[in-house]
Amino acid sequence: MKSARITHEFVDAIPSDIAEGTLYISIPYATAIHLCCCGCGHEVVTPLTPTDWSVSFDGETVSLSPSIGNWSFKCESHYWISHNRVRWAGKWSRREIELGRARDRAAKMGTALLPEVEATAVSDPSPPTRRFPGWLSRWLNR
């Protein structure tokens, strides 16, 4: 059953039994974990790093950012955890998933996607072409 709310628990270590509807946050291990909010039972591990997820606590509720996209699970659920609420997001196409993964890889490497690649990745079903800037473009972009 899809969850609409989630509780949170700050823990030193992740417990071996994960309760449905609870987001466990371990600051010492810089990790948050919960069962997928769609009810499929898969454990969702979200590393807390500058290029993965971040958690915010306002004294009463927690938010996890960015969204959770469970593209490796059969359910392919996609949602946000914001102020202990689960906000369901739309289903992504295979192309959007691949673009999101490419953005994640680029962020981890400290680089950015070429704007042409990002623009064509979602709007154009054909493979993206790379345009080269400057003098190289006159030779390669024929």
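Solvent-accessible area assigned to carbon and sulfur over segment 34-73 amounts to 53 percent, based on a 1.4 Å probe. For Phe73, the shell of other residues with beta-carbons less than 13 Å away shows a net charge of 0, using +1 for Lys and Arg and -1 for Asp and Glu. Label zone (Arg5, point 7 Å along Cα-to-C-beta; backbone nitrogen cut-off 13 Å) within segment 22-56: 22. A 1.4 Å probe run over the protein chains yields, for segment 5-64, 53 Å² of accessible area per residue, whole-number rounding. In this structure the amide hydrogen of Ile6, modeled in the peptide plane, comes within under 5 Å of the amide hydrogens of Arg85, Val86, none closer than 5 places in sequence on its chain.
Thr61 to Tyr29: FRET efficiency via 1/(1 + (r/R0)^6), r the Cβ-Cβ distance, R0 22 Å, to the nearest 0.05?
Details: r = 22 Å, r/R0 = 0.98.
According to the calculation, E is roughly 0.55.
Scan segment 41-97 for trypsin sites (Lys or Arg not before Pro) in coil per DSSP, keeping those whose Cβ has at most 11 other Cβ atoms within 10 Å, and list them by number.
Details: sites: Lys74, Arg85, Arg87, Lys91, Arg94, Arg95; in loops: Lys74, Lys91.
Sites meeting the loop and neighbour criteria: Lys74, Lys91.
If you add up the charges near Ala89, with Lys and Arg at +1 and Asp and Glu at -1, over every other residue whose beta carbon is less than 15 angstrom from its beta carbon, what do you get? Please list the in-between numbers first.
Values: positive: Lys2, Arg85, Arg87, Lys91; negative: Glu76, Glu96.
Net charge in that neighbourhood comes out at +2.
A simple packing score, the average count of other Cβ atoms within 10 Å per residue, orders the peptides 59-69, 29-39 as 29-39, 59-69, with the highest score first.
Working from Cα pairs under 8 Å separated by at least six residues, relative contact order for segment 18-94 is 17 percent.
The values are calculated or read from the model by the stated rules, or taken from the named source; none is laboratory data. In this text, all values refer to a predicted model and were calculated from it rather than measured experimentally. Quick reminder, even Gly has a Cβ in these numbers, built from the backbone with ideal geometry, and neighbours come from all protein chains shown. Surface areas here come from the heavy atoms of the whole protein model, side chains and all, with no ligands, DNA or RNA. Shrake-Rupley method; radii C 1.70, N 1.55, O 1.52, S 1.80 Å.
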